[in-house]
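Remarks on the structure that follows.
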Amino acid sequence: MGNIALFLFCLLAGGFVFWETGTYPPPADASMDAGFYPRVLVCVLFLLATILAVTLIRKRKRSGRFSPGSPPSSASLALVGCMVLYCLLLTVAGYAVATILFVFAVTLLFRGSIKEGAAVSLSATVFLEALFRYGFQVPLPPGMMNLF
């Protein structure tokens with residue numbers, strides 16, 4: 001059942017992100033629009049969902065019956081919850097706040113150290129924001145706050 005749930009989540013999350021990025025404003029100059037990178041990730045998500053579906057179908061043909069797989073662990077369910085919350089927070093709180101909280105939560109989930117979670121979340125957020133804002137010239141959702 002876990003693999004089917006993961007497949008459906010990939011399709012639904014990908015469809016939602018693709019639909020949501022269509023509402024981003026077009027760029028003022030010749031740079032990439034803000035929805036380019038999320039759309040690339042959606043294509044990767046759809047590709048992974050397709051691979052998962054093909055794997056499930058092949059297992060069914062080999063065994064003669066449908067084997068949905070093992071149930072997802074609590075850590076994987078918590079990770080999916082963090083991703084959903086991140087998507088919801090991104091437009092409200094903005095990229096910087098949502099990313100800091102998301103990376104901190106995921107680091108705590110898999111590493112357990114508050115110091116490491118704070119260091120990783122702050123450094124990753126600053127690096128990614130600088131990369132996308134200045135390197136790729138892609139505007140990020142400012143939300144309530146903005147780092148730069």
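Within the stretch 3-17, the set of residues being open to solvent by 80 Å² or more (accessible area, probe 1.4 Å) and at pLDDT 80 or above comprises 12, 16.
Scanning the stretch 65-105 for residues that are at pLDDT 85 or above, over 15 Å from residue 121 (Cα atoms) and touching a helix residue (DSSP H, G or I) at 6+ places or on another chain (Cβ under 7 Å) yields a total of 1.
Condition check ((1) more than 22 Å from the chain's Cα centre (by Cα); (2) of a type in the set (Asp, Glu); (3) modelled with pLDDT under 70) across all residues:
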{"residue": "24", "(1), (2), (3)": "no, no, no"}
{"residue": "30", "(1), (2), (3)": "yes, no, yes"}
{"residue": "36", "(1), (2), (3)": "no, no, no"}
{"residue": "40", "(1), (2), (3)": "no, no, no"}
{"residue": "50", "(1), (2), (3)": "no, no, no"}
{"residue": "58", "(1), (2), (3)": "yes, no, no"}
{"residue": "61", "(1), (2), (3)": "yes, no, yes"}
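Does residue 128 fit the bill of being open to solvent by 50 Å² or more (accessible area, probe 1.4 Å) and not small (Gly, Ala, Ser)? So residue 128 passes the test.
The values are calculated or read from the model by the stated rules, or taken from the named source; none is laboratory data. In this text, all values refer to a predicted model and were calculated from it rather than measured experimentally. Positions of Cβ are backbone-derived with ideal geometry, glycine not excepted, and every protein chain shown enters the neighbour counts. To get the accessible areas, we keep the full protein, side chains included, count just its heavy atoms, and leave off ligands, DNA and RNA. Shrake-Rupley method; radii C 1.70, N 1.55, O 1.52, S 1.80 Å.
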